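Colleague: Take a look at the following structure, please.
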Amino acid sequence: MIRFSHPLLCAAGFASFMAAGLFVTPAAMADVGSRIWATGGVTTIEGSAGGGLVPWALLGSYASDEEWGGTLALSRAEVDDYTLSVTGAGLNWNNRIEVTVARQTLDLDSLVFTLKDGFGLEQDELNQDIFGVKVRLAGDALYSPWGQWSLGAQHKRQRDFTVPEAIGAQDDSGTDFYFSGSKVFFAALFGRNLLVNGTLRGTRANQGGLLGFGGDLNNGYEIMAEAGVGVFMNRQWLLGAEYRQKPDNLSFAREEDWWDVFVAWVPDRRLAVTAAFVNLGDIATLTDQQGVYLSLQGSF
Amino acid sequence: MRPSKTKMYMAALMIMASLLAGGCQSLHNESDNSLYLQLGERAGIADVVEDLLYLIVDDERINEQFKGMDVAQFHRNLTDQLCELSGGPCKYTGREMRELHAAMGITDTQFNALAENLILAMEDNNIPTAAQNRLIKRLLPLYPDIRHL
């Protein structure tokens, strides 16, 4: 997987790539996929289609039942003491199966000193790879009265296990399983369309896996509840919020639930821009981590 | 499991239950004709359908399915159908939807293409977003008939 030397350079390169994609000939535009605008969700921090923090039952890209589709995404969350960067890519076959990969890099910023003084560890970032698959079991989020239901898995591999191991994590890899339902209710709120999503996730991951899997307080799978709602102001703008419950496996530091408030702009099937305010709670002894999230996604 | 976890678990189950319950909403047709008026009455709907026809002809995904049809009759029937669905004083006199689409083998891709063209045709005629959404909501019950599910 490509590593970019500087996040800004990388974002700029990506933006120009997207812009180039926006101005291709109309004949090529029809190839993006046939699903209705903004119904592929955006790319989550774990690569699966959804919102920012929570995977939804929607599959990425715009592929409908006779089409292939793909997505590329770059995301960045800057909270008080950490920065999370994500590069993700996904493929969708026939709006039936989504396969995704993502690389997360967590810059430890201020935690570097805690690790050095407390554990004698010199580490300034944690990296994790996530391989995801999601299958649409039944339904269509727009057209089926009972919505769309999907089952997914995210296999996560921590690439820098020294720090997670030192603070009590049991394993350097793990697999999350989730079951998700999504439904768009037409003209539900002042004539606007309302998107509702619920997800149940079985997981052993600490802070999504960035701090390893399992711990001294709990080492088994637990079921976590996640939810997202959004209102389509029109077919280009979606306003919403998400909530993600988290396990608390490590006695080293308390882990808290995540939530965010987001706005997504989808000017065209080829491009989606998501901005959010995120609250990640306490992370590895540093309290109340809040900040901004920005994500760019291109579909093809 | 902490008490707050149990609470969250319940909340998630309730969200999922509400998703399921959404499917059971009765399809009560509002007796008022406000949607019909927002669409510009029969003349406004006829303009939308005309633009929709131009979009269909140019759309490689679906134009094959419309080959050989009587354009004037299609225009009249669909206009009447949307007029009636939106609460207007019209009566759809065409064939029953399920029977009409039975042999066509309409895919989701084609259904999405038609939905996209309808939205674009409504946008071209400056139909407000809320009215677009309300009309699509009333068309949703036709999905299983058109897709022959």
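Colleague: Any idea what the dipole of chain A comes to, in debye rounded to 20, about its Cα centre with Lys/Arg Cβ at +1 and Asp/Glu Cβ at -1?
Modeller: Dipole of chain A, to the nearest 20 debye: 1220 debye.
Colleague: Using every pair of alpha-carbon atoms in the stretch B:43-88, split the distances into 10 Å bins beginning at 0 and state the percent of pairs per bin, rounded to integers.
Modeller: P(r) over the stretch B:43-88, rounded to whole percents: 27, 51, 20, 1.
Colleague: Quick check on the stretch B:30-147: take the gyration tensor over C-alpha atoms, sort the square-rooted eigenvalues as a ≥ b ≥ c, and tell me if it's rounded (a/c under 1.5), prolate or oblate.
Modeller: Prolate.
Colleague: Which of the peptides A:272-279, B:32-39, B:111-118 is most tightly packed, and how do the rest follow, judged by the mean count of other Cβ atoms within 10 Å per residue?
Modeller: The most tightly packed comes first, giving B:111-118, A:272-279, B:32-39.
Colleague: Please report how far the C-alpha centroid of the stretch A:103-159 lies from that of the stretch A:203-263, rounded to the nearest whole angstrom.
Modeller: Cα centroid of the stretch A:103-159 versus Cα centroid of the stretch A:203-263: 10 Å apart.
Colleague: For chain A, what is the largest minus smallest coordinate of the Cα atoms on each principal axis, given in angstrom and ordered from greatest to least?
Modeller: 59, 40, 33
Colleague: Work through the residues other than A:THR203 whose Cβ is under 9 Å from its Cβ and net out their charges, Lys, Arg +1 and Asp, Glu -1.
Modeller: Cβ neighbours under 9 Å give a net charge of +1.
Colleague: A follow-up question, please. Averaged over every viewing direction, what's the projected area of the C-alpha convex hull for the stretch A:235-283? Give it in nm², one decimal, please.
Modeller: 4.2 nm²
Colleague: Taking the Cβ of each residue in A:SER75, A:SER34, A:SER144 as the centre, tally the other Cβ atoms inside 10 Å and list the residues starting with the fewest.
Modeller: A:SER144, A:SER75, A:SER34
Colleague: Test of the criteria: in the stretch A:152-193, which chymotrypsin sites (Phe, Trp or Tyr not before Pro) are in a DSSP loop and have at most 14 other Cβ atoms within 10 angstrom of their Cβ?
Modeller: A:PHE190
Colleague: Right, next: Hey, what do the phi angles of the stretch A:122-131 turn into as Karplus ³J(HN,Hα) couplings, whole Hz, using 6.51/-1.76/1.60 and θ = phi - 60°, x for Gly and Pro?
Modeller: 10, 8, 10, 8, 10, 10, 9, 9, 10, 10
Colleague: Beta carbons within 10 angstrom, averaged per residue: use that to sort the peptides A:286-294, A:211-219, A:262-270, highest first.
Modeller: Highest-to-lowest ranking by the protection proxy: A:211-219, A:262-270, A:286-294.
Rule-based calculations on the coordinates, nothing more; no lab input. Predicted model, so just to flag it, every value in this text is computed and none were measured. A quick note on method: Cβ atoms are made from the backbone with ideal geometry, for glycine too, and the neighbour counts reach across all protein chains shown.
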